[in-house]
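These notes concern the structure reproduced below.
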Amino acid sequence: MQLVQRYLVVMLATASLLAYVAALQTGAPVDLVVSIASALTLAVAWLLERRLPWRADWQRSRGDVATDLASAGVIVGLADPLLKALAPMAVVALHAGMGAWAPTLDLPLWIQIPALLLLVEFGKYWAHRLHHALPPLWWLHAMHHSSERLYVLNGLRFHPLNHALNFAMAVLPAMALGFSPTAILGYLAITQPIVLLQHANIDLRHGWLNRIISTPEAHRWHHATRPQDANRNFGNALLLWDHVFGTFRPAEGFGRATRVGLFEASSTGYPAAAGYLAQLASMLRPPCCRA
């Protein structure tokens with residue numbers, strides 16, 4: 001169990017990457033294999049939350065499970081497939097308009113995937129940071145911060161417009177630059193297990209890895225109720241750009257009594273205790289929250 005506590009995030013990301021490589025070699029559907037690896041990550045996290053919880057009180061529902069399940073259903077079943085269907089058409093139209101200036105990329109996968117780790121993580125870092133800095137975007141992102149506990153399903157609590165903007169700022173540019181769909185799936189094979197574990201209520205002790213990877217330990221600070229604590233560690237799967245732009249905060253110091261949820265300035269206006277549809281529609285009712 002100590003091995004799991006120290007290396008769970010790395011173990012699951014590695015297993016997902018190996019499954020991706022095996023799919024490439026055997027001709028199996030790579031997108032399906034990556035999706036299965038993500039589903040298994042959620043299952044492992046759910047089991048470990050019951051076997052090795054970090055906070056016992058976070059195991060109890062606070063009326064948030066229905067909201068999280070509804071959001072997961074919309075993101076996985078509607079928003080994500082729609083974005084993946086529309087994005088290639090947008091890229092084709094863009095390249096047609098650029099004519100001879102349209103970028104082409106003919107690089108091996110072993111170069112494309114590390115490049116995507118830098119590029120897509122850069123886009124997701126700034127998309128996330130802007131959702132904290134701009135009041136209209138914070139109003140969308142507040143849905144993600146509205147839970148007063150952290151557990152595995154929180155990672156899929158996103159306003160669909162928030163999810164779409166993240167995609168538009170991070171994945172769409174990579175597609176427009178000519179990175180292959182197979183390479184993008186390789187990026188996802190590495191990063192999705194990390195992202196899906198971020199909110200898990202598991203007693204992990206990743207040590208120095210917390211400075212590189214956005215583990216549950218490092219990510220907890222980002223959900224603290226004080227802005228000076230939470231406007232840190234914006235990284236999606238990696239914390240590289242937090243180091244570069246000065247927003248990194250070490251995992252140490254976040255105690256079991258530290259509160260998570262909306263900032264005080266937002267909690268008086270955002271319907272955090274309401275259901276999914278009420279939170280979804282709240283974007284139509286100003287004034288916006290302030291981060």
- Task: Have a look at Val9, Val44 and point out the one that is in contact with a strand residue (DSSP E or B) (Cβ under 7 Å, 6 or more places away or on another chain) and either surrounded by 15 or more Cβ atoms within 10 Å (Cβ to Cβ) or modelled with pLDDT of 95 or more (or both).
- Result: Val9
- Message: I want to confirm something. Restricting to segment 90-132 and keeping residues that are surrounded by fewer than 11 Cβ atoms within 10 Å (Cβ to Cβ) and in a loop (DSSP other than H, G, I, E, B), which single residue is modelled with the lowest pLDDT?
- Response: Thr104
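Based on this model, can you work out whether Val76 counts as surrounded by fewer than 13 Cβ atoms within 10 Å (Cβ to Cβ), within 25 Å of Tyr276 (Cα to Cα) and in contact with a Leu (Cβ under 8 Å, 6 or more places away or on another chain)?
Values: surrounded by fewer than 13 Cβ atoms within 10 Å (Cβ to Cβ): no; within 25 Å of Tyr276 (Cα to Cα): yes; in contact with a Leu (Cβ under 8 Å, 6 or more places away or on another chain): yes.
It is false that Val76 is surrounded by fewer than 13 Cβ atoms within 10 Å (Cβ to Cβ), within 25 Å of Tyr276 (Cα to Cα) and in contact with a Leu (Cβ under 8 Å, 6 or more places away or on another chain).
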- Name the residues in segment 156-169 that are crowded, with 22+ Cβ neighbours inside 10 Å and small (Gly, Ala, Ser), would you? none
- Item | Cβ-Cβ under 8 Å pairs, at least 6 apart or on other chains, segment 180-205 side under 20 Å from Val260 (Cα atoms) and at pLDDT 95 or above, far side in a loop (DSSP other than H, G, I, E, B) and charged (D, E, K, R) | Asn201/Arg55; Asn201/Arg149
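Does Asn166 qualify as being assigned to a loop (DSSP other than H, G, I, E, B) and of a type outside the set (D, E, K, R)?
Details: assigned to a loop (DSSP other than H, G, I, E, B): no; of a type outside the set (D, E, K, R): yes.
Taking the combined requirement at face value, the residue does not satisfy it.
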- Which condition does Ala218 not pass, out of (1) surrounded by fewer than 23 Cβ atoms within 10 Å (Cβ to Cβ); (2) over 12 Å from the mean Cα position of the chain (by Cα); (3) more than 18 Å from Met143 (Cα to Cα), if it passes all the others? (1)
- Quick one: Phe234 ticks every box in (1) in a helix (DSSP H, G or I); (2) of a type in the set (Phe, Trp, Tyr); (3) crowded, with 21+ Cβ neighbours inside 10 Å except a single one, so which number is it? (1)
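The values are calculated or read from the model by the stated rules, or taken from the named source; none is laboratory data. Predicted model only: the values in this text are computed from it and were never measured. FYI the Cβ positions are ideal-geometry reconstructions off the backbone, even for glycines, and counts take in every protein chain you see.
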